[in-house]
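Data first, discussion second: the structure below is written as structure tokens.
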Amino acid sequence: MEKRPKGLFAVDKFFDRTPDGPVLVGSRCTECGKVAFPRKKVCIKCFRNDCMEVHPLSKRGEIVTYSIAHMSHIGMATPYAFGYVYLPEDNITIYSLFEDWDPPEEKLFIGQQVEQCVDVFREDPWGNSIVTYLYRCIGTKPDSQAAAK
Ligand SMILES: [Zn+2]
């Protein structure tokens, strides 16, 4: 079982609480199938407002763009990596911070496979841990493996 982070959620509405822990959710239109994140009350494709259901987002995706930040606000360690992740099952792209991205020349690249996790990403000014979803890099760049051999 995945460890459960202790802390306050940065954005509560991103998650559904389940007995197995927090689940990152968007919404899905039962009429046209469009998935959206964050949750919507009206479908962003067919504009119906009576057919939106809570939809757990795919646990796996791939990086479509990324960057490394060397400055942040108080309580957030630097450098940190962030970008957009495409979730093929849901056909959406979402913003995320990344985990396990070091060394960046091997782990950060377009097409990198990532796996969703929920973890502490910063502290607030009172020392509380703040939790959000992140995507963990799970592969290495094909050329960097060839270079290492
Ligand atoms: Zn729709």
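In this structure, does S67 turn out to be of a type in the set (G, A, S), loosely packed, with under 15 Cβ neighbours inside 10 Å, within 15 Å of the chain's Cα centre (by Cα) and not in a loop (DSSP other than H, G, I, E, B)? In short, yes. No other residue among E115, E89, E105 is assigned to a helix (DSSP H, G or I), surrounded by fewer than 21 Cβ atoms within 10 Å (Cβ to Cβ) and out of contact with any Cys (no Cβ under 8 Å at 6 or more places or on another chain) apart from E105. Checked against the criterion of being within 19 Å of D90 (Cβ to Cβ), of a type outside the set (K, R) and open to solvent by 90 Å² or more (accessible area, probe 1.4 Å), the candidates E31, E62 yield just one match: E31. When Y95 is tested against the conditions (1) open to solvent by 70 Å² or more (accessible area, probe 1.4 Å); (2) among the aromatic types (F, W, Y); (3) modelled with pLDDT under 95, the lone failure is (3).
Scan the stretch 13-28 for residues that are within 16 Å of the ligand (Cβ to nearest atom) and open to solvent by 30 Å² or more (accessible area, probe 1.4 Å) and the total you get is 1.
The values are calculated or read from the model by the stated rules, or taken from the named source; none is laboratory data. This structure is a prediction, so every number in the text was calculated from the model and none was measured. Counting neighbours? That spans all protein chains shown, and the Cβs are built from the backbone with ideal geometry, glycine included. Surface areas here come from the heavy atoms of the whole protein model, side chains and all, with no ligands, DNA or RNA. Shrake-Rupley method; radii C 1.70, N 1.55, O 1.52, S 1.80 Å.
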